[in-house]
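Accompanying notes for the structure given below.
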Amino acid sequence: MWLLVLGLLLFLGVHSVRIVADGWRTRGIARLGAGRWKGLYALLSLLGLALIVWGWALARRQPVVWWVPPAGLRHLNALFTLAAFVLLAAAYVPGNLVKARLRHPMVLGVALWALGHLLASGSGAGLLLFGAFLLWALLDWRAAMRRDRAQGTAAPPGRWGATLLTLLVGALAWVAFAFWLHAAWIGVAPLGAL
């Protein structure tokens, strides 16, 4: 479990710099240059992610089960994950109403993904992994909204066409992941037991 903890500390730590030390981050970018900063950020993020994946795989071999979630929570997780994929798509499809309204949909998508998985997982490793991501996502969203207010950042208006494309892309990505990729990459078929 220590690899999972180390990976979470590294990955979420790197992604939390803007939450807890935005001024230090700005000075670091100025000192190193944007390219070197992004390179170091990406390297540390990938190392943290690799440790999370490795730690999760090891923790799944000998799970410590705290409770057995009812089947209804797996159904709810599927719904939360569908919404998370739509929010992820909203972060990248320009001019959609979802991003115009929520401003930082990717972080909210991570929060929904983590909440759904937290409810559907009864293991200690699941509580650690998904609880950490949920807490991080909520803190990051709050910090981003505060930055937007302080800087007077206005969201561009959204359009219905882009919003429909967002919904379609998110739903199709969810279908691909739920029915094929999750089992191939994670080793669990999330809709196989529904």
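Coordinate-derived values only; no laboratory data. None of these values were measured; they are calculated from a predicted model. In this analysis, Cβ positions are derived from the backbone assuming ideal geometry, glycine residues included, and neighbour counts consider all displayed protein chains.
Among the candidates 101, 27, which residue alone is more than 15 Å from the chain's Cα centre (by Cα), basic (Lys, Arg) and farther than 30 Å from residue 158 by Cβ? Checking each option against the conditions leaves just 27.
Count of segment 138-152 residues, restricted to those that are under 16 Å from the mean Cα position of the chain (by Cα) and exposed (fewer than 15 other Cβ atoms within 10 Å of the Cβ), is 1. Restricting to segment 174-194, name every residue that is touching a helix residue (DSSP H, G or I) at 6+ places or on another chain (Cβ under 8 Å) and surrounded by 17 or more Cβ atoms within 10 Å (Cβ to Cβ). 174, 177, 178, 190 - these are the residues of segment 174-194 that are touching a helix residue (DSSP H, G or I) at 6+ places or on another chain (Cβ under 8 Å) and surrounded by 17 or more Cβ atoms within 10 Å (Cβ to Cβ).
The helices (runs of 4 or more DSSP H) found wholly in segment 7-97 and carrying at least 2 residues that are charged (D, E, K, R) and more than 23 Å from residue 176 (Cβ to Cβ) occupy 22-32, 34-61.
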